[in-house]
Amino acid sequence: MTTHRLLLSLATLLTLSLFAPPSHAADKLNALIIDGQNNHDWKACTPILKSILQDSGRFTVTVSTAPSQSPQKTPDAWANYNPKFADYDVLIFNYNGDLWPQTLRTNFTNYVRNGGGLVIVHAADNSFPDWPEFNEMIAVGGWGGRNQQSGPMIRYRNGKIVFDSSPGDGGTHGAQHPFLLESREPNHPVMKGLPQAFRHAPDELYAKLRGPCKNVTVLATAFSDPKTGGTNENEPILLAIDFGKGRVFHTVIGHGPEAMSSLAFQITLQRGSEFAATAKVTLPAPNPADLPADKPVLRNFK
């Protein structure tokens, strides 16, 4: 075998070892993606979320699409929309739209409070500004009229997490650009084994998110650079929240297919989803060299 072919074979083996599903024998977890309304392209993003989770080898994924119009316009459609949340270990929330009917909200709240897992993806944290329990689940959210009355902002300053109650609207972002994720809880199950800092693909860097900030652990932050229209603050990017007996993993990244092609998004989504479902992470961490700080690593899913 020539040296060139040998190097190609070694590269292929390294790629397969990085991206292949884990060999452990843990039972698969049942995940439910909820979509149907969003100011982002949920029709393009839901299949990618499904592929990312299934590719880990840890999840069986089902999709539940909510009615596309409000309960006021389509009351019968919403009356018939009643996912059996209890059939799933974790819910992946890719919804940002009309407020749900009360019965559905109650079922959802009870599911998480009684031990269910929940994952909030990007614009899903724009949802439901007037639903107190939902805002407690997500810790912080943006837009929808959120302001200082919704709660403080989370900041990482001088080596510690602080809550900023300064007045102002909740939710903003600058131009899409690659940015560095910095781990703030390296021993947390989601972050354990990941590099202290790793680069994410071009994405919206959410800033000035506001909310109750209860029972929240900030797993990673990113600097919102004024050069890209940012706030000059280290903004929370990955969060873990306790809600009753349930666990929530909140990732503010994942604007669209390009951002979701980032290995930084994919690895943290997989690990965060397993944590939300089980309070543990059995998925192996990638080689730190495969999540470098100087450039994003991309892997596309259809």
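Do the conditions hold for Pro47, that is, is it at pLDDT below 95 and not aromatic (Phe, Trp, Tyr)? For Pro47, the condition - at pLDDT below 95 and not aromatic (Phe, Trp, Tyr) - is not met. Confirm whether Gly229 is farther than 23 Å from Phe134 by Cβ and either out of contact with any helix residue (DSSP H, G or I) (no Cβ under 9 Å at 6 or more places or on another chain) or at pLDDT below 95 (or both). Taking the combined requirement at face value, the residue satisfies it.
For Tyr81, the criteria (1) touching a Lys or Arg at 6+ places or on another chain (Cβ under 6 Å); (2) without any contact (Cβ under 8 Å) to a residue 24 or more places away in the chain hold in every case but one, which is (1).
List the residue pairs whose Cβ atoms are under 7 Å apart, where the first residue sits in the stretch 239-257 and is farther than 21 Å from Arg155 by Cα, the second is aliphatic (A, V, I, L, M) and in a loop (DSSP other than H, G, I, E, B), and the two are 6 or more positions apart or on different chains. Here the result reads Arg247/Ala279, each pair linking the stretch 239-257 to a residue that is aliphatic (A, V, I, L, M) and in a loop (DSSP other than H, G, I, E, B).
The set of residues in the stretch 51-92 that are out of contact with any strand residue (DSSP E or B) (no Cβ under 6 Å at 6 or more places or on another chain), among the small types (Gly, Ala, Ser) and at negative phi comprises Ser51, Ser56, Ala66, Ser68, Ser70, Ala77, Ala79, Ala86.
Counting only residues that are surrounded by 15 or more Cβ atoms within 10 Å (Cβ to Cβ) and under 17 Å from the mean Cα position of the chain (by Cα), how many does the stretch 280-300 have? Here the count works out to 2. Of the helices (runs of 4 or more DSSP H) entirely within the stretch 31-114, those holding at least 1 residues that are within 26 Å of Val281 (Cβ to Cβ) and over 19 Å from the mean Cα position of the chain (by Cα) occupy 102-113. Summed over the stretch 123-182, the residues that are in contact with a His (Cβ under 7 Å, 6 or more places away or on another chain) and charged (D, E, K, R) give a count of 1.
Among the residues of the stretch 180-192, those that are buried (at least 16 other Cβ atoms within 10 Å of the Cβ) and either touching a Gly at 6+ places or on another chain (Cβ under 7 Å) or among the basic types (Lys, Arg) (or both) comprise Arg184, Val190.
For the condition among the acidic types (Asp, Glu), modelled with pLDDT of 95 or more and out of contact with any Ser or Thr (no Cβ under 7 Å at 6 or more places or on another chain), what is the one hit in Asp169, Asp98?
On the way: Asp98 fails: out of contact with any Ser or Thr (no Cβ under 7 Å at 6 or more places or on another chain).
Of Asp169, Asp98, the one residue that is among the acidic types (Asp, Glu), modelled with pLDDT of 95 or more and out of contact with any Ser or Thr (no Cβ under 7 Å at 6 or more places or on another chain) is Asp169.
Picking from residues in the stretch 146-179 that are farther than 17 Å from Ala123 by Cα and among the β-branched types (Val, Ile, Thr), the one that is surrounded by the fewest Cβ atoms within 10 Å (Cβ to Cβ) is Val162.
When Ser262 is tested against (1) surrounded by 22 or more Cβ atoms within 10 Å (Cβ to Cβ); (2) of a type outside the set (Val, Ile, Thr); (3) over 14 Å from the mean Cα position of the chain (by Cα), only condition (3) is not met.
Yes or no: Ala285 touching a Leu at 6+ places or on another chain (Cβ under 6 Å), part of a loop (DSSP other than H, G, I, E, B) and touching a residue at least 60 places away in the same chain (Cβ under 8 Å)?
Values: touching a Leu at 6+ places or on another chain (Cβ under 6 Å): yes; part of a loop (DSSP other than H, G, I, E, B): yes; touching a residue at least 60 places away in the same chain (Cβ under 8 Å): yes.
Spelling it out, Ala285 is indeed touching a Leu at 6+ places or on another chain (Cβ under 6 Å), part of a loop (DSSP other than H, G, I, E, B) and touching a residue at least 60 places away in the same chain (Cβ under 8 Å).
Filter the stretch 51-64 down to the residues that are in contact with a helix residue (DSSP H, G or I) (Cβ under 8 Å, 6 or more places away or on another chain) and under 11 Å from Ile33 (Cβ atoms) and list them by number. Matches in the stretch 51-64: Ile52, Leu53, Phe59, Val61, Val63.
The values are calculated or read from the model by the stated rules, or taken from the named source; none is laboratory data. Here the structure is a predicted model, which means the values were calculated and not measured. Ideal geometry is used to build each Cβ from the backbone, glycine not excepted, and the neighbour counts take in all protein chains shown.
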